[in-house]
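Quick notes on the structure that follows.
The values are calculated or read from the model by the stated rules, or taken from the named source; none is laboratory data. Keep in mind it's a predicted model, so treat the numbers as computed, not measured. No Cβ is skipped: glycine too gets one built from the backbone with ideal geometry, and neighbour counts run over all protein chains shown. Side chains are part of the model used for accessible areas, which takes the heavy atoms of the whole protein and leaves out ligands, DNA and RNA. Shrake-Rupley method; radii C 1.70, N 1.55, O 1.52, S 1.80 Å.
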Amino acid sequence: MARIRILAATAAALTVAVAGTAAAGTGSAGGGHGRPAQPREAAALTGTAQLWRPPSAHEDITFTFDAHLAAKDNMAPEKAYGTFFFSHYKDGKGAWAKGRIDCLMTGGKTAVMTGVVTESDSPHLGKRVGISVTDDGREDRLGYTWSNPDTGVLEVPRCMSAPPFEVVKKGTGDFEVLPWKPEYRTD
């Protein structure tokens, strides 16, 4: 009889523990307080990294992203929002720029974003720039439109950039790309 009570008590304790864990999981996924779970955002690009340069170059090139596309705007990447920042200094001299995201598209671990530079001490002020990122984990990569010699005369269209041709400095990259899942018409 004692063995049955111990088994019953153990089963009850496990039931409470499992129910508590399930409730905690539901609450955090749904925002708590009985609210339904929020849909996953459609796409995102976040993180900061420095580009690799040989130590003798004395260059510090940093990029930071906080770009998002809401679930409700899944098929409208031009409704992306957020900010980006980049700076390039060599021997303590250089420039920086901060801007507003105006388009974001991702595919697998690669993201392409464009945005308008809103603050800067560089010639990019007021211009749309394009940046691409590959979140490889081991060797993140990055590309940007101003590497093109015609950048001064070309207007970069939304969601267009150069391929990610630069390598991120080891130990500095924490880019995260949330893959976009476009909805395809079936009719």
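If you check 114, 106, 110 for being surrounded by fewer than 20 Cβ atoms within 10 Å (Cβ to Cβ) and β-branched (Val, Ile, Thr), only one passes: 110.
Looking at the structure I just gave you, is residue 164 within 15 Å of residue 102 (Cα to Cα) and open to solvent by less than 80 Å² (accessible area, probe 1.4 Å)? In short, no.
The residue that is surrounded by the most Cβ atoms within 10 Å (Cβ to Cβ), among those in region 91-103 that are of a type in the set (Lys, Arg) and touching a residue at least 12 places away in the same chain (Cβ under 8 Å), is 98. Among the conditions (1) closer than 14 Å to residue 46 by Cα; (2) part of a strand (DSSP E or B); (3) open to solvent by 60 Å² or more (accessible area, probe 1.4 Å), residue 174 misses just one, which is (2). Residue 84 falls short on exactly one of the conditions (1) under 19 Å from residue 157 (Cβ atoms); (2) open to solvent by 30 Å² or more (accessible area, probe 1.4 Å); (3) not acidic (Asp, Glu), and that condition is (2).
Can you pull out the residues in region 135-160 that are open to solvent by less than 40 Å² (accessible area, probe 1.4 Å) and in contact (Cβ under 8 Å) with a residue 40 or more places away in the chain?
Step one: list which residues in region 135-160 are open to solvent by less than 40 Å² (accessible area, probe 1.4 Å), which gives 135, 140, 142-145, 151, 156, 159.
Passing the criteria: 135, 140, 142, 144, 156, 159.
Going by what's in this entry, would residue 75 be described as touching a Pro at 6+ places or on another chain (Cβ under 9 Å), open to solvent by 40 Å² or more (accessible area, probe 1.4 Å), of a type in the set (A, V, I, L, M, F, W, C) and under 17 Å from residue 164 (Cα atoms)? Walk me through it before giving the result.
Values: touching a Pro at 6+ places or on another chain (Cβ under 9 Å): yes; open to solvent by 40 Å² or more (accessible area, probe 1.4 Å): yes; of a type in the set (A, V, I, L, M, F, W, C): yes; under 17 Å from residue 164 (Cα atoms): no.
No: the conditions fail for residue 75.
Restricted to strands (runs of 3 or more DSSP E) entirely inside region 42-110, those with at least 2 residues that are among the polar types (S, T, N, Q) are 43-50, 59-69, 81-90.
Residue pairs whose Cβ atoms lie under 6 Å apart, separated by 6 or more positions or on different chains, with the first residue in region 37-61 and hydroxyl-bearing (Ser, Thr, Tyr) and the second open to solvent by 20 Å² or more (accessible area, probe 1.4 Å) and assigned to a strand (DSSP E or B), are 46/66; 46/176; 48/64. For first residues located in region 164-187 and touching a residue at least 24 places away in the same chain (Cβ under 8 Å) and farther than 17 Å from residue 108 by Cα, partners that are of a type outside the set (Lys, Arg) and open to solvent by 100 Å² or more (accessible area, probe 1.4 Å) and lie 6+ apart or on another chain with Cβ distances below 7 Å form the pairs 167/52; 168/52; 169/52. Taking each residue of region 115-130 that is over 11 Å from residue 86 (Cα atoms) and looking for partners that are modelled with pLDDT of 95 or more and of a type in the set (Phe, Trp, Tyr) with beta-carbon atoms closer than 6 Å, six or more apart or interchain, yields 115/84.
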